[in-house]
1. Could you point to the label whose value was computed as volume of the Cα convex hull per residue in Å³ for the structure here, given [x] 119; [y] 104; [z] 148?
2. Order these by the 10 Å Cβ neighbour count, fewest first: Thr17, Thr47, Thr69.
3. Okay, helix-only estimate at 222 nm for the chain: each DSSP H run of n ≥ 4 adds -39500 (n - 2.57), divide by all residues, round to 500 deg cm²/dmol; what do you get?
4. Among Leu23, Leu94, what is the fewest-to-most ranking by other Cβ atoms within 10 Å?
5. Can you give me the relative contact order of the chain as a percent, contacts being Cα pairs under 8 Å and 6 or more apart?
6. Counting other beta carbons within 10 Å of each Cβ, put Tyr28, Tyr50, Tyr67 in order, fewest first.
7. If you restrict to DSSP beta bridges whose two residues both lie in the chain, what percentage is antiparallel, to the nearest 5?
8. With charges only on Cβ, +1 for K and R and -1 for D and E, what is the dipole size of the range 5-133 about its Cα centre, in debye, rounded to 20?
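What follows is calculated from the coordinates using simple rules that are stated; it is not laboratory data. For clarity, every value in this text was computed on a predicted model and none was experimentally measured. Quick reminder, even Gly has a Cβ in these numbers, built from the backbone with ideal geometry, and neighbours come from all protein chains shown.
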Amino acid sequence: MPLHAVSNAHRGHNLATIQIKNLRLRTYIGINDDEILNKQDVIINITIQYAADRAVSFNHIDEALNYRTITKAVINHVEGNRFTLLERLTREILDIIMSLEQVQVAQVEVDKPHALRFSDSVSITLSDYRDTLV
């Protein structure tokens, strides 16, 4: 389900979109000896949609989806593990985000700068959504 599709299902509600842009981390990612032995840069972009009715109504952090907590969990996971494939790294980040009940839709893009000669980066994008939206 595309990110914009949720807005139709929640018409009249406060559907919030959180975007975490260009989170730059270092991790072990890849299959070559050099990649296995040395940390590399990855750039992570996250888009999250959640029903923010309670956050809007009560104006209190306990009613909102705390993006700082999400970011810390992503940083700890990415920097504390090793990954062979971008697909696996991307899915694991998405799983962290989707483990939060408030999240309705999430999309994660992970860029691996300089993965290919003559290219700025290679990226993988995965998304997920709650089945209850269908």
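1. [y]
2. Numbers: Thr17 14, Thr47 18, Thr69 10.
The fewest-first ordering by Cβ neighbours comes to Thr69, Thr17, Thr47.
3. Computed mean residue ellipticity for the chain: -8500 deg cm²/dmol.
4. Final ranking by Cβ density, sparse to dense: Leu23, Leu94.
5. Across the chain, relative contact order equals 26 percent.
6. In increasing order of surrounding Cβ atoms, one gets Tyr67, Tyr28, Tyr50.
7. Roughly 95 percent of the DSSP beta bridges within the chain come out antiparallel.
8. Numbers: 14 positive and 17 negative charges, 43 e Å.
That gives the range 5-133 a dipole magnitude of about 200 debye.
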